[in-house]
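S.K.: Sharing a structure here in structure tokens format.
The values are calculated or read from the model by the stated rules, or taken from the named source; none is laboratory data. Since this is a predicted model, take the numbers as computed values, not measurements. Every residue, glycine as well, gets a Cβ built from its backbone with ideal geometry; the counts of neighbours run over all protein chains shown.
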Amino acid sequence: MRSDSSLSAGPRGTPVDRASPSRSTGRGAGVALMLGSGLSNQTGASVAALAFPVLGPLGVVAVRQWVAAVVLGAVGRPRLRDFTAAQWRPVLGLALVFAAMNLSLYEAIERIGLGLAVTLEFLGPLAVALAGSRRRVDLVAAVVAAGAVVVLTRPTPSTDYPGIGLALLAAACWACYILLNRTVGARLPGLEGSAAAAAVSGALYLPVGAWVLWHHPPTAAAFGSALAAGVLSSAVPFLTDLLALRRVPAHFFGVFMSVNPVFAALAGVAVLGQRLDALAWIAIALIVGANAAATTLTAGSG
């Protein structure tokens, strides 16, 4: 019997076998979707930072969740009354993870800095990659990518234990996000599951978000930055990740998430005029090489 990596959701959530001559094409599309997700996510993160001085991390995350709920609701049009209990369970779990993931990371960055926070957060997808793979090449690619992420982000020691705890919470959320998003994609047709999860997550942020905006009235620039971040860092990745996880195994997705620190570093070069030293470029090359090897060998074994 095939593993669920060869299945996707058909009409009304019925599993459809994707194992066919077009399997490599599907995986290629999955890689393209993951690249688009990472690029959009990190671009949105740089835009979101512009709103931090006015709205703070909590206000920005609240606006992001609302934007994601509106955009995905309009696209997915979930028929909530038709959901079964088996479909609602992963949707509600994904909504809670979605609500906690970005906030815990942003709060961790404020406490312990970007480098350490990003490195600790990557433990989530790395754990999925290591736990889900039975091939040596996947394990080697994951370990190489993880080591390169450490070199690229250069984490410094911190005694801010709440900040470290928040970063580890973000890591756990990211791991759960990968697994739950895949389950939602298998149990619900189209984008209905993602749209429903985004709607629930947005509703959870209504009280606290309204309180933040009331006490910290946003400027037009700050609110616009938060709205853009909602599209780029929430709505687009949430959609593309769901579609990607219908095409690639969860452990491969976990390895490929190492492109996010690369995009973050490159965004710093392009947007903020930052410079990368030779060691950082070597780390980027290792991450790209590890993902290229995993992609090529995974496709070849299919």
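S.K.: Trp214 is checked against (1) of a type in the set (A, V, I, L, M, F, W, C); (2) surrounded by fewer than 16 Cβ atoms within 10 Å (Cβ to Cβ); (3) under 25 Å from Ala264 (Cα atoms) and fails just one. What number does that condition carry?
M.R.: Unmet condition: (3).
S.K.: Can you confirm whether Leu92 is closer than 30 Å to Asp160 by Cα and surrounded by fewer than 21 Cβ atoms within 10 Å (Cβ to Cβ)?
M.R.: In short, no.
S.K.: Could you check the stretch 113-123 and list, in sequence order, the residues that are modelled with pLDDT of 80 or more and either outside any helix (DSSP H, G or I) or crowded, with 24+ Cβ neighbours inside 10 Å (or both)?
M.R.: Selection gives Leu120, Glu121, Phe122.
S.K.: Return yes or no: is Gly147 more than 25 Å from Tyr106 (Cβ to Cβ), more than 18 Å from the chain's Cα centre (by Cα) and surrounded by fewer than 20 Cβ atoms within 10 Å (Cβ to Cβ)?
M.R.: Yes: the conditions hold for Gly147.
S.K.: Also: What number of residues in the stretch 151-162 are over 20 Å from the mean Cα position of the chain (by Cα), part of a helix (DSSP H, G or I) and either crowded, with 19+ Cβ neighbours inside 10 Å or touching a residue at least 24 places away in the same chain (Cβ under 8 Å) (or both)?
M.R.: Result for the stretch 151-162: 2.
S.K.: Restricting to the stretch 133-144, and then to whatever is surrounded by 20 or more Cβ atoms within 10 Å (Cβ to Cβ) and assigned to a helix (DSSP H, G or I), can you tell me which residue is modelled with the lowest pLDDT?
M.R.: Kept after step one, since they are surrounded by 20 or more Cβ atoms within 10 Å (Cβ to Cβ), are these residues of the stretch 133-144: 133, 138, 141-142.
If we keep only those that are assigned to a helix (DSSP H, G or I) as well, we get 138, 141-142.
Details: Asp138: 73, Ala141: 81, Ala142: 82.
Top of the filtered list is Asp138.
S.K.: Now a separate question. Among the residues in the stretch 203-217, are any within 18 Å of Pro90 (Cα to Cα), in a helix (DSSP H, G or I) and either out of contact with any Asp or Glu (no Cβ under 7 Å at 6 or more places or on another chain) or not small (Gly, Ala, Ser) (or both)?
M.R.: Yes, there is a match, as at least one residue in the stretch 203-217 is within 18 Å of Pro90 (Cα to Cα), in a helix (DSSP H, G or I) and either out of contact with any Asp or Glu (no Cβ under 7 Å at 6 or more places or on another chain) or not small (Gly, Ala, Ser) (or both).
S.K.: From Leu242, Leu188, Leu179, Leu166, grab the single residue that is crowded, with 17+ Cβ neighbours inside 10 Å, farther than 22 Å from Thr43 by Cβ and under 12 Å from the mean Cα position of the chain (by Cα).
M.R.: Being crowded, with 17+ Cβ neighbours inside 10 Å, farther than 22 Å from Thr43 by Cβ and under 12 Å from the mean Cα position of the chain (by Cα) holds for just one of Leu242, Leu188, Leu179, Leu166, which is Leu179.
S.K.: Going by the conditions given, is Ala278 at pLDDT 90 or above and farther than 25 Å from Gly132 by Cβ?
M.R.: no
S.K.: Still on this structure: Would you call Ala74 more than 16 Å from the chain's Cα centre (by Cα) and more than 14 Å from Ser234 (Cα to Cα)?
M.R.: Here the answer is yes, as Ala74 does meet what is asked.
S.K.: Then there is this: Pick from Gly73, Gly36, Gly28: which is surrounded by fewer than 20 Cβ atoms within 10 Å (Cβ to Cβ), in contact with a Lys or Arg (Cβ under 9 Å, 6 or more places away or on another chain), at pLDDT 80 or above and under 19 Å from Leu243 (Cα atoms)?
M.R.: Testing whether each residue is surrounded by fewer than 20 Cβ atoms within 10 Å (Cβ to Cβ), in contact with a Lys or Arg (Cβ under 9 Å, 6 or more places away or on another chain), at pLDDT 80 or above and under 19 Å from Leu243 (Cα atoms) leaves just Gly28.
S.K.: For the condition of a type in the set (A, V, I, L, M) and either within 28 Å of Gly113 (Cβ to Cβ) or in a loop (DSSP other than H, G, I, E, B) (or both), what is the one hit in Ala195, Ala148, Ala199?
M.R.: After ruling out the rest, the residue left standing is Ala148.
S.K.: Can you name every residue in the stretch 179-191 that is at pLDDT below 90 and either aromatic (Phe, Trp, Tyr) or assigned to a helix (DSSP H, G or I) (or both)?
M.R.: Hits for the stretch 179-191 are Asn181, Arg182, Gly185, Ala186.
S.K.: Further question: Which residue out of Ala235, Ala222 is part of a helix (DSSP H, G or I) and surrounded by fewer than 23 Cβ atoms within 10 Å (Cβ to Cβ)?
M.R.: When all the criteria are applied, what remains is Ala222.
S.K.: What residue, among those in the stretch 39-66 that are touching a Leu at 6+ places or on another chain (Cβ under 6 Å) and not small (Gly, Ala, Ser), is modelled with the highest pLDDT?
M.R.: Step one: list which residues in the stretch 39-66 are touching a Leu at 6+ places or on another chain (Cβ under 6 Å), which gives 40, 43-44, 61.
Still in the running and not small (Gly, Ala, Ser): 43, 61.
On the way: Thr43: 81, Val61: 90.
For the stretch 39-66, the residue satisfying everything is Val61.
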